[in-house]
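Enquirer: First the structure, then my questions, so here it is.
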Amino acid sequence: MKDIKRCQGSLIAGAVGDALGYEIEFLRLFQIKQEFGEKGIRDYVLHGGQAIFSDDTQMTLFTAEGCFRATAPENSLQSIRRAYLDWFDTQTRHFPLDDNRGSELLKERELFERRAPGMTCMSALDEGGNGTLTHKINDSKGCGGVMRVAPIGLYYTLDDMESIKIDLLGAQAGALTHSHELGWIPCAGLVHMVRLLSQEGATMHEATESMIAHMAELFAGLEFTDDFTEIMNEALQIADSAETTEDCIKSLGGGWVGEQALAIAVFCALRYEDDFTECICASVNHDGDSDSTGAIAGNLIGARLGIDAIPQRYLEHLQLRELMMQMGEKLAK
């Protein structure tokens, strides 16, 4: 059953993690500590009075709009693809666009601002975004697929399609731009977890264990399924270890590629399942791709705890917060 507060929480929390991480995305941890103190960044740096997010949240919003605009579940992938092409236009054309294609997001001037868009997404969409699970358009396993697909797990229910088809839709949405298996298997994994957390009230451990088992079955026989399973099992195991959070994240990688980004986010959400602030702050304070790991961890912890668990200081000043609240409500319908 859909829960408005969890849908809003996942969408908003993803933007919170993105906004915190975007400020430090290209800094090493020692540089982050030099600038923000030993605990790293924990509060927004405002720009014109706003906490601004990156292309990660921009594309997440367009994923949501693609879900809304699909005329039937079987048309969802092409609707999401068209939404990504709309996003591409925000990055390559000027506001306002002179054509009317029915997108509400294209009416938002702020979404036309370039926030370090991923080169794989840009180049793939420039060619039409026609990748599939079997038709490779590149060999990228960057995290630009997994960081944007959470709305699929929020929007689609078992009344719409079978669980396996919802997971596959996540993978297919990632494969539109990222052709390496580890570019789109994590997309299915995140969608699976977000659906269990937001619709079935699963704990983070339950959602993680289910995701690992289902991805191993769904993608059995593929070349890199075992690699995905291995790093996800590592994230699960070290979450309860005595190792420091910093050391654990370092062991999982930098998060620049899909499986590492999801593993870091899952680790943080497991270790701090009931503490929104610590989960989000842990997910961004490291050497790697801080905005993407923060966005994904936010999608997870927000789906688990809901909008009411997000401290006011993270809601205040967040760019396009009201729009995201409305979209979160729409995801729950």
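Enquirer: Take Gln8 and decide whether it is crowded, with 22+ Cβ neighbours inside 10 Å and within 25 Å of Val194 (Cα to Cα).
Expert: Values: crowded, with 22+ Cβ neighbours inside 10 Å: yes; within 25 Å of Val194 (Cα to Cα): yes.
In short, yes.
Enquirer: Of all residues in the stretch 211-259, which are in contact with a His (Cβ under 8 Å, 6 or more places away or on another chain) and of a type outside the set (Val, Ile, Thr)?
Expert: Let us first name the residues in the stretch 211-259 that are in contact with a His (Cβ under 8 Å, 6 or more places away or on another chain), namely 211, 214-215, 224, 236, 246, 249-250, 254-255, 258.
Once the filter is applied, which keeps residues that are in contact with a His (Cβ under 8 Å, 6 or more places away or on another chain) and of a type outside the set (Val, Ile, Thr), the stretch 211-259 yields Met211, His214, Met215, Phe224, Leu236, Glu246, Lys250, Gly254, Gly255, Gly258.
Enquirer: A further question follows. Out of (1) at positive phi; (2) within 19 Å of the chain's Cα centre (by Cα), the odd one out for Met59 is which?
Expert: (1)
Enquirer: I've got another one for you. Among Leu168, Leu158, Leu176, which is at pLDDT 95 or above, surrounded by 24 or more Cβ atoms within 10 Å (Cβ to Cβ) and over 30 Å from Gly40 (Cα atoms)?
Expert: Working: Leu168 fails: surrounded by 24 or more Cβ atoms within 10 Å (Cβ to Cβ); Leu158 fails: surrounded by 24 or more Cβ atoms within 10 Å (Cβ to Cβ).
From the options Leu168, Leu158, Leu176, the qualifying one is Leu176.
The values are calculated or read from the model by the stated rules, or taken from the named source; none is laboratory data. This structure is a prediction, so every number in the text was calculated from the model and none was measured. All Cβ positions, even for glycine, are placed from backbone atoms using ideal geometry, and neighbour counts span all protein chains on display.
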